[in-house]
Amino acid sequence: MKRQHKQKKSWIAPFLAGSLTDEINKCDGLVFNIIEKYKMSLMFSIRCHQYTGSLRDSKAEQTLVFHFIHIIERLKVHHRTPELLFPHAFFGRDQELQKIIQTIAKEPHTKIVILGPAGIGKTTLARAVLSSELVVQKFETERYLVACDACSSIDALIAGVAQAFGIIERTASSLMSRVIFHLTQKQSIICLDGFEKMWSKDSQPQASQFLEMMVSTKATLLLTLRGSERPVHINWTILPVQLYSIDSSAAQELWKFVTMGKECDDTAKKLMQTVDYHPQAVTILASLTNIQPVESLWRQWQKKGVTTILDYDENLMLSINLSLATLEKKAKPETMRMLSIMSILPDGMRSSHIDVLQGLFPSLGSPWEGLVPLFQCGLMYESAEKQIKIVGITREFCSRNYSPSQADFLGIWKYYFSLAVKGFQPMNNLTYIELKSELRNIEAILVRCLENSEATSELAEQAVEGARALTHFYAYIGLDSPSLIDFATEKAKAISEVQYAYCLWISANLDLAMSRVAEAEKKCIEALEIHEKKRDIFGEASDLCQYGEIHVRNDEISKALECFQRSKALYKLYADNGGSCQGLANILTHLGNIYKKKNQLHEASLAYLEALDHHTRLQDDLGQANALKGLGNVFLKSHSYDQAKAKFEEAISLYKNENDFVGQANCLTYLGEVYLQQNRLLEAETNFKYALTLYEQINDRLGEANTFNYVGNVLYKKAEYQHAERYFSRALALHKNVKNTRGEAESIKGIARILTKSNKKNTAIEKFLEAKELYAKAHDAPGQGSCLGNIGRICYVNEELQRAKEYFDQSYLIYLESENSHGQANILSDIADLKRKLNDYEGAEQDYWKAWHLHKAAEDYLGQCNDLRGLGVLYHKHMKNIIEAEKAYKKAIKAAQFCNIKMLEKVQTEFDMLKKH
């Protein structure tokens, strides 16, 4: 012990001799920090010796130390507040920051506590508060942040606070009174950061007393505390500021900041989602991508999991291990059991569903009793969405190191497998919401089972079935998540060829939903070959139905029709042999869709009616609603608006019975189209906006995006071009977000039309060409033809007639190759207008009549009306054939009676002018 004293004295000797006085005077700022560290070290040394009794000559030591402190004071090294700068990386916490700052501005002596798990950003938020403009103006230099984790006891914390204030005191016992005096005299704000160390069970009484003394002063107190429980004896100014993970957009901003501007690709987004957008974890992962590619990091994560981060940050590893070790020592078995169960659920569980666990595990007792200690130690929290979750990084660690028992896993498996298979069921609103809210949990449980090499064959087959059902739902909602079905497909190879083929079919279904048509076709053909070889009638029928959809995407309409007809024959054979008629009813709806696409509206009606009959006999309300929706679209295409409206309203009623918000919203958009074509713009806008609220309610981003386009079309018709452009731009952003290429094309085309109205000809043409390329990627021939036709019309208006002809010809060729007779009719009408302007009257006459015949076959009265008006002008003004002109206008008036009132008035006025002349 004496030797230790000598060492301390030799260590202090240079300072006692005053040999550093000149250096201190020259480098005041640098030396200030060094001296303060020495002072604290010595003060803590005294405290430790006093409490442990290990220092025999404590009076001599104190005299020495305080002599040293007075020498420092004589050197006139004055106290100053360490500079508190606003955090460089501050993302996703603006709302909490403003809430705290506004409270401090309004209330004197504010007392606020910030709660949250480790690494969530409590300290960062506290520093942002202390360095904010308003707080700086109010408190000037009296702003302090004291790190409690550096203090071993309340006395050490008091010494730390005193040191922050620059208080030097000979006797430790008077430090607290000096601290209180300082806070009473000056308007100060102090943050006690990481107070959970002081708030342990053993030191809570002293910590409570310390806090009570602090809040009795003029000071504004800010407390950061790990966990979800605050000191209840303090009258806090506002409810605790509870921090959760940041949202995905804030996480992407943080990623970009740490990686010095690198954009977040899909792999980066997957990594961030895996750690629940936990700020510290995102920071570490982003830092790692500065030394290795993000794809390599993702592969490393898949192998090592959370240790990818913990290997990089030893403090975080220590913090997690310490929390778990403390919990394990004190907690009851129920708590550790709840920890293991919740650790395999990445999205946790809704607080309203926690009692479900009691039904699954009767021996567990009350789940809430097991959860409370997890909340108290900060391992678990309740998110803003009322989800009970384990903190992202800790959950990953626990899922690998605290796995549930086999019996507990089977209990969880039973519950989540029953949810997964609902992906194959008719999709009403309740099922949709239930599945959407549990997607990550279901997938995690399925993957865990698929990865288990010791799983029974029955369990493995169930896991493959669950993966197929969930992927079917992914395709339905437009979520691109192929890894699950890819994993299941590999597993299915070891089960049977038929299982493998069904996995290929589902995988192709997802590819189709994501516009990966070539990949879908390969898988579909392979599945079809297996089902044909195994003579699996139902499988073969399903494959042919899917192959027909692939042909539709490739604009191979005749091939699509052939596939659907073959599929229908097989489904009929399957039903005749005792199987369900469901497949037959569904394929008839597909046939109706293809006939409608070919403008064979009579055949389409027959197919929909037959489908409706089957669905009615099956008592399948959703199937009936889908068939009625198809019939409504047939009437819409033939401009039979009253009948279309009646069918859509009947379908909506059935969708409501089934709580199917998607079906209701889709039919509301079709009703909006009915009103739009009738020029009843107010009713159209009302229906579109009602549909929008339903899509928002079920978080259907694709539905929202499409409806934004529809509203944009209404506003375009109302000549509210700026307002319309905003809707098209919002639609475009959403379509990009959900990776819907065709939707992006529609939005850009809408913007291009507005640019045309604004006389920005060249920019409009660029946008139409951009839209055309996107339509090409989406295999949408009519979309490409439409864009080229629009460019042709711009050139026509601007008297660039040769250029207009080139674009019209390209458009017509695309429509011809894709067997789109309606598109051919529309563009032929434009070509006829052009020929009339070029004085090719015979050519114009032929094209007008061709267009009219095609429009008539499609029962498009508006198209017929425009063709006949063109003929009327041609006969009257150019060919001087008044009799033929009169005939054309009379036919036009007859067709206009099936269109909107404005068109009828327009044609009637033109005919009256003709009669006058």
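For region 474-489, give me the residue count where each residue is in contact with a Ser or Thr (Cβ under 9 Å, 6 or more places away or on another chain) and either open to solvent by less than 30 Å² (accessible area, probe 1.4 Å) or polar (S, T, N, Q) (or both).
6
Against the definition (open to solvent by 10 Å² or more (accessible area, probe 1.4 Å) and touching a residue at least 40 places away in the same chain (Cβ under 8 Å)), how does Val517 come out, yes or no?
Numbers: open to solvent by 10 Å² or more (accessible area, probe 1.4 Å): no; touching a residue at least 40 places away in the same chain (Cβ under 8 Å): yes.
Taking the combined requirement at face value, the residue does not satisfy it.
Restricting attention to region 425-466, which residues are touching a Lys or Arg at 6+ places or on another chain (Cβ under 8 Å) and more than 17 Å from Ser399 (Cβ to Cβ)?
Thr431, Glu434, Leu435, Ser437, Ala460, Ala463, Val464
Give the residue that is modelled with the highest pLDDT, with candidates limited to residues of region 339-380 that are touching a Pro at 6+ places or on another chain (Cβ under 6 Å) and surrounded by 20 or more Cβ atoms within 10 Å (Cβ to Cβ).
Ile341
Would you point out which residue out of Tyr775, Tyr807, Tyr812, Tyr848 is open to solvent by 40 Å² or more (accessible area, probe 1.4 Å) and hydroxyl-bearing (Ser, Thr, Tyr)?
Going through Tyr775, Tyr807, Tyr812, Tyr848 in turn, just one is open to solvent by 40 Å² or more (accessible area, probe 1.4 Å) and hydroxyl-bearing (Ser, Thr, Tyr): Tyr812.
Would you be able to tell me the number of residues in region 571-581 that are in a helix (DSSP H, G or I), open to solvent by 30 Å² or more (accessible area, probe 1.4 Å) and either farther than 15 Å from Cys545 by Cβ or not basic (Lys, Arg) (or both)?
Qualifying residue count for the region: 3.
What are the residue pairs meeting all of these: first residue in region 776-801, first residue in contact (Cβ under 8 Å) with a residue 24 or more places away in the chain and β-branched (Val, Ile, Thr), second residue open to solvent by less than 50 Å² (accessible area, probe 1.4 Å) and in a helix (DSSP H, G or I), Cβ atoms under 7 Å, and 6 or more apart or on different chains?
Ile791/Ile765; Ile791/Phe768; Ile791/Tyr807; Ile794/Ala764; Ile794/Ile765
One line per residue, one yes/no per condition, for (1) over 25 Å from Ala164 (Cα atoms); (2) open to solvent by 20 Å² or more (accessible area, probe 1.4 Å); (3) at pLDDT below 90:
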position	(1), (2), (3)
Leu85	no, yes, yes
Phe91	yes, yes, no
Ile104	no, no, no
Val113	no, no, no
Thr124	no, yes, no
Arg127	no, yes, no
Ser132	no, no, no
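Among the residues of region 382-398, what is the count of those that are closer than 18 Å to Arg337 by Cα and free of Cβ contacts under 8 Å to residues at least 60 places away in the same chain?
2
Would you point out the residue of region 525-555, among those that are assigned to a loop (DSSP other than H, G, I, E, B) and touching a residue at least 12 places away in the same chain (Cβ under 8 Å), that is nearest to Ser567 (Cα to Cα)?
Here the residue is Asp536.
From the list Lys329, Lys386, Lys303, pick out the single residue that is charged (D, E, K, R), open to solvent by 60 Å² or more (accessible area, probe 1.4 Å) and farther than 30 Å from Ala251 by Cα.
Lys329
Give the residue, chosen from Glu443, Glu454, Glu434, Glu458, that is of a type outside the set (Val, Ile, Thr), out of contact with any Leu (no Cβ under 9 Å at 6 or more places or on another chain), part of a helix (DSSP H, G or I) and open to solvent by 30 Å² or more (accessible area, probe 1.4 Å).
Glu458
Somewhere in region 619-642, is a residue open to solvent by less than 30 Å² (accessible area, probe 1.4 Å), under 26 Å from Asn737 (Cβ atoms) and of a type in the set (A, V, I, L, M)?
no
For region 720-764, what are the residues that are hydrophobic (A, V, I, L, M, F, W, C) and open to solvent by 10 Å² or more (accessible area, probe 1.4 Å)? Reasoning before the result, please.
Kept after step one, since they are hydrophobic (A, V, I, L, M, F, W, C), are these residues of region 720-764: 724, 728, 731-734, 738, 745, 748, 751-752, 754-755, 764.
Listed by number, the residues that qualify are Leu732, Ala733, Leu734, Val738, Ile751, Leu755.
Just one of the numbered conditions (1) in a helix (DSSP H, G or I); (2) within 19 Å of Asp700 (Cβ to Cβ); (3) not β-branched (Val, Ile, Thr) is not true of Glu649; which one?
Only one criterion in (1) in a helix (DSSP H, G or I); (2) within 19 Å of Asp700 (Cβ to Cβ); (3) not β-branched (Val, Ile, Thr) is unmet by Glu649, namely (2).
Using the structure shown, decide if Gly663 is more than 19 Å from Arg726 (Cβ to Cβ), without any contact (Cβ under 8 Å) to a residue 60 or more places away in the chain, open to solvent by less than 10 Å² (accessible area, probe 1.4 Å) and in a helix (DSSP H, G or I).
Yes, satisfied.
The values are calculated or read from the model by the stated rules, or taken from the named source; none is laboratory data. All values reported here derive from a predicted model rather than from experimental measurement. Note that each Cβ is placed from the backbone with ideal geometry, even for glycine, and that neighbours are counted across all protein chains shown. When the accessible area is computed, the model is the full protein with side chains, heavy atoms only, and any ligands, DNA or RNA have been set aside. Shrake-Rupley method; radii C 1.70, N 1.55, O 1.52, S 1.80 Å.
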